[in-house]
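Written below as structure tokens is the structure these notes are about.
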Amino acid sequence: MSDPELKPPASNQPLRPPQVVSLAGSAGGLQLPVTAPQKLNGSASSSASGSATGNPRNKCALKPGYSLMSWIRLCNSGADLSGTGGRVVPVSRTELALHNKIGDAWMAIRGCVFNVTRYMDFHPGGVDELMRGVGRDATKLFDEVHAWVNYPQLLGKCYVGPLKENESKQSKDSPQITNVILKPPEIVPRFDWIQQRSELTLIFYTRSLINPGLLIRQKDSQQLAVRVLVQNNWHCFDFQLTNKVKWPPKVAKIGAETGKIEVVFGKAEEEPWSTYGTHVSSKLSSTSIQEESYDYEVILRNDFNHDSFELQLKSVQPVLMLLPVGYHVDIEVHLDGDIIQRSYTPVDEFYSNLDKKTHLNSECLNFLIKRYTDGPVSSHLHQLQVGSHIQLSPPRGNFQLSELTAHRNILLLAAGSGLTPILSLIQPILKRSTNRIESLKLFYFNKTTEDIWLKEKLEEIHLKDERFSCTNFLSQAESNPQRISLELLTPMFQKKQPDCCTYIAICGPSGFNNAAVDILTQLEVKPNQLHVFRG
């Protein structure tokens with residue numbers, strides 16, 4: 001992958017729309033962009049594995065009708081794959097970040113923006129792998145796993161335009177995309193503070209069910225950098241406090257329903273302050289910090305069951321991170337000279353078996369991770385010793401908690417380690433007072449009883465709140481093995497029943513996700529009634 005001959009050539013010339021030529025032998029003469037000759041190494045691991053990513057685990061069986069030749073025929077059909085009506089339109093990073101869903105997916109590679117929405121089901125690495133790069137500059141990710149691919153030729157008809165590095169207001173004469181999504185009104189957090197003799201509390205008000213995130217960094221005992229994530233923007237508050245405070249904060253919490261954020265610091269000296277100090281506000285887009293990483297140290301690593309383990313990480317610097325509901329972080333490891341990332345969702349301390357009195361604090365993040373024998377990242381993480389360091393990304397995701405507001409009967413579908421993002425939804429949904437939930441059903445799919453995670457914890461939630469229930473399904477059970485199927489889900493969607501489910505959240509391997517979506521489509525579930533968590 002490091003051979004420069006395998007990478008598309010760099011150019012210092014101004015970016016122009018890709019030139020096109022006919023693809024020999026294709027029906028109708030497929031017009032695709034011209035690039036320098038690409039050299040394919042027949043001994044490359046990606047070729048040997050049959051995987052577009054070079055990782056055997058990411059090999060994905062394509063649906064019938066979604067072969068490479070089918071993609072070529074679609075490109076020849078005259079369909080508007082770019083969504084721009086044939087126009088080349090410059091795209092800002094802010095605009096790129098808006099197109100981050102499976103039904104509206106753009107990505108940038110080496111300064112070129114492509115609309116990959118229609119390419120999703122044709123991608124040999126699967127939808128989940130492609131979704132890792134949407135809504136962002138995916139050049140680094142592409143070079144890690146796809147450097148040998150002639151992407152300008154493959155995605156030529158998906159070309160939207162050049163990626164603009166600087167935000168600027170378009171003139172009236174600039175070409176416009178007719179189907180641009182209207183941006184919702186911007187939400188700017190409002191700051192307030194209160195104090196006791198021994199404590200200082202910083203408060204940030206956002207909006208009900210807006211699902212904010214929080215990142216705090218202490219510069220020194222009187223300087224704090226606080227970032228609040230709201231709708232793809234980080235709102236930054238740089239504080240110069242009147243006096244010194246202690247690190248870490250005593251309390252840091254986000255009200256999932258109210259959108260209220262509270263951070264409580266202990267004062268170094270117990271005395272009243274006349275004012276909190278001063279602060280300067282600014283704003284950053286989530287894309288502008290996507291290459292940031294934070295150094296974390298392994299505090300504990302315990303085996304959880306026969307093939308899974310718990311990992312607790314603590315920030316090396318004075319940094320505290322609270323993720324929005326349903327978001328994840330990318331864990332980055334260095335293996336054989338390469339940098340590899342995988343997405344993991346932290347779990348609440350309630351689900352952890354760690355000693356809460358001695359090990360859990362506001363700076364720590366806790367993970368449940370399934371170990372795959374052919375998974376380089378999970379195997380590497382399982383071998384880490386206490387004191388080892390790894391890099392974490394800022395929070396990432398596109399789940400909108402507000403989408404659930406109108407729904408009172410919700411179904412959660414999880415398979416294997418796909419349970420972790422689903423876990424983050426349970427308490428916010430059950431605690432909701434606006435349009436109070438009536439039923440929250442979890443269908444959890446595994447191979448055997450030994451593979452089930454957190455059975456006792458989920459039963460404990462049911463005992464405390466009967467609106468929640470968890471049903472386990474085993475594909476390798478000795479009697480009555482069950483997989484996700486139309487027959488299994490149909491009773492949940494009987495429209496005349498009072499507990500008919502009207503919203504579904506799904507997370508599991510790509511095959512499970514695709515099967516679930518296909519079944520729900522047959523049951524006439526609308527796209528805005530479901531969310532699929534994809535890494």
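The values are calculated or read from the model by the stated rules, or taken from the named source; none is laboratory data. Note that this is a predicted model, so its numbers are computed, not measured. For neighbour counting, all protein chains shown are included, and Cβ atoms are generated from backbone atoms with ideal geometry for every residue, glycine included. These accessible areas exclude ligands, DNA and RNA; they are computed on the full protein's heavy atoms, side chains included. Shrake-Rupley method; radii C 1.70, N 1.55, O 1.52, S 1.80 Å.
Within the range 73-80, does at least one residue satisfy the condition of being surrounded by fewer than 21 Cβ atoms within 10 Å (Cβ to Cβ), within 29 Å of Phe512 (Cα to Cα) and touching a residue at least 12 places away in the same chain (Cβ under 8 Å)?
There is at least one residue in the range 73-80 that is surrounded by fewer than 21 Cβ atoms within 10 Å (Cβ to Cβ), within 29 Å of Phe512 (Cα to Cα) and touching a residue at least 12 places away in the same chain (Cβ under 8 Å).
State yes or no: is Glu95 in a helix (DSSP H, G or I), buried (at least 18 other Cβ atoms within 10 Å of the Cβ) and not small (Gly, Ala, Ser)?
yes
On the basis of being in contact with an Asp or Glu (Cβ under 9 Å, 6 or more places away or on another chain) and surrounded by fewer than 17 Cβ atoms within 10 Å (Cβ to Cβ), does Lys267 make the cut?
The answer is no for Lys267.
Gly83 passes all but one of (1) under 21 Å from Asn232 (Cβ atoms); (2) open to solvent by 30 Å² or more (accessible area, probe 1.4 Å); which number fails?
So the condition that Gly83 fails would be (2).
Modelled with pLDDT of 90 or more and not charged (D, E, K, R): which single residue out of Leu154, Leu141, Leu215, Leu182 fits that description?
Selected residue: Leu215, the only one of Leu154, Leu141, Leu215, Leu182 that is modelled with pLDDT of 90 or more and not charged (D, E, K, R).
Do we have any residue at all in the range 52-73 that's part of a loop (DSSP other than H, G, I, E, B), at pLDDT 80 or above and under 29 Å from Glu292 (Cα atoms)?
No, the range 52-73 contains no residue that is part of a loop (DSSP other than H, G, I, E, B), at pLDDT 80 or above and under 29 Å from Glu292 (Cα atoms).
Among the residues of the range 270-286, is there at least one that is in contact with a Cys (Cβ under 7 Å, 6 or more places away or on another chain) and not hydroxyl-bearing (Ser, Thr, Tyr)?
Yes, the range 270-286 contains at least one residue that is in contact with a Cys (Cβ under 7 Å, 6 or more places away or on another chain) and not hydroxyl-bearing (Ser, Thr, Tyr).
Kindly list, by first and then second residue, each pair from a residue in the range 480-500 that is assigned to a loop (DSSP other than H, G, I, E, B) to a residue that is open to solvent by 80 Å² or more (accessible area, probe 1.4 Å), limited to pairs with Cβ atoms under 6 Å and residues at least 6 apart or on different chains.
Cys500/Gln494
So, in the range 337-368, of the ones that are touching an Asp or Glu at 6+ places or on another chain (Cβ under 8 Å) and hydrophobic (A, V, I, L, M, F, W, C), which residue ends up modelled with the lowest pLDDT?
Top of the filtered list is Leu360.
Among the residues of the range 109-137, how many are at negative phi and in a loop (DSSP other than H, G, I, E, B)?
Here the count works out to 11.
Given the conditions (1) closer than 28 Å to Leu430 by Cβ; (2) without any contact (Cβ under 8 Å) to a residue 40 or more places away in the chain, report the number of the one that Glu269 does not fulfil.
(1)
Among (1) surrounded by 17 or more Cβ atoms within 10 Å (Cβ to Cβ); (2) touching a residue at least 60 places away in the same chain (Cβ under 8 Å); (3) of a type in the set (A, V, I, L, M, F, W, C); (4) not in a loop (DSSP other than H, G, I, E, B), there is one condition Val377 misses while meeting the rest; what is its number?
That leaves (2) as the condition not met.
Is it the case that some residue within the range 291-302 is of a type outside the set (Val, Ile, Thr), over 30 Å from Asn446 (Cβ atoms) and open to solvent by less than 40 Å² (accessible area, probe 1.4 Å)?
Looking for residues that are of a type outside the set (Val, Ile, Thr), over 30 Å from Asn446 (Cβ atoms) and open to solvent by less than 40 Å² (accessible area, probe 1.4 Å), one finds at least one in the range 291-302, hence yes.
Looking at this structure, is Ser308 among the small types (Gly, Ala, Ser) and either over 25 Å from the mean Cα position of the chain (by Cα) or open to solvent by 40 Å² or more (accessible area, probe 1.4 Å) (or both)?
no
What about Asn353, is it more than 30 Å from Lys140 (Cβ to Cβ), assigned to a loop (DSSP other than H, G, I, E, B) and in contact with a strand residue (DSSP E or B) (Cβ under 9 Å, 6 or more places away or on another chain)?
Considered against the rule, which asks whether it is more than 30 Å from Lys140 (Cβ to Cβ), assigned to a loop (DSSP other than H, G, I, E, B) and in contact with a strand residue (DSSP E or B) (Cβ under 9 Å, 6 or more places away or on another chain), Asn353 comes out as yes.
Residues checked against (1) farther than 11 Å from Phe204 by Cα; (2) buried (at least 17 other Cβ atoms within 10 Å of the Cβ):
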{"position": "Asp220", "(1), (2)": "yes, no"}
{"position": "Asn233", "(1), (2)": "yes, yes"}
{"position": "Asn243", "(1), (2)": "yes, no"}
{"position": "Ile254", "(1), (2)": "no, yes"}
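Looking only at the range 476-487, count every residue that is open to solvent by less than 40 Å² (accessible area, probe 1.4 Å) and at pLDDT 95 or above and tell me the total.
Matching residues across the range 476-487 total 2.
Considering every residue within the range 272-281, establish whether at least one is open to solvent by less than 10 Å² (accessible area, probe 1.4 Å) and at pLDDT 95 or above.
Checked the range 272-281: no residue is open to solvent by less than 10 Å² (accessible area, probe 1.4 Å) and at pLDDT 95 or above.
Out of everything in the range 317-330 that is out of contact with any helix residue (DSSP H, G or I) (no Cβ under 7 Å at 6 or more places or on another chain) and of a type in the set (A, V, I, L, M), what residue ends up being surrounded by the fewest Cβ atoms within 10 Å (Cβ to Cβ)?
Val319
Go through the range 205-218 and give me each residue that's among the β-branched types (Val, Ile, Thr) and open to solvent by less than 10 Å² (accessible area, probe 1.4 Å).
Within the range 205-218, Ile216 is the sole residue that qualifies.
Of the residues Leu425, Leu463, Leu404, Leu412, only one is over 27 Å from Ser285 (Cα atoms), hydrophobic (A, V, I, L, M, F, W, C) and open to solvent by less than 40 Å² (accessible area, probe 1.4 Å); which?
Leu412
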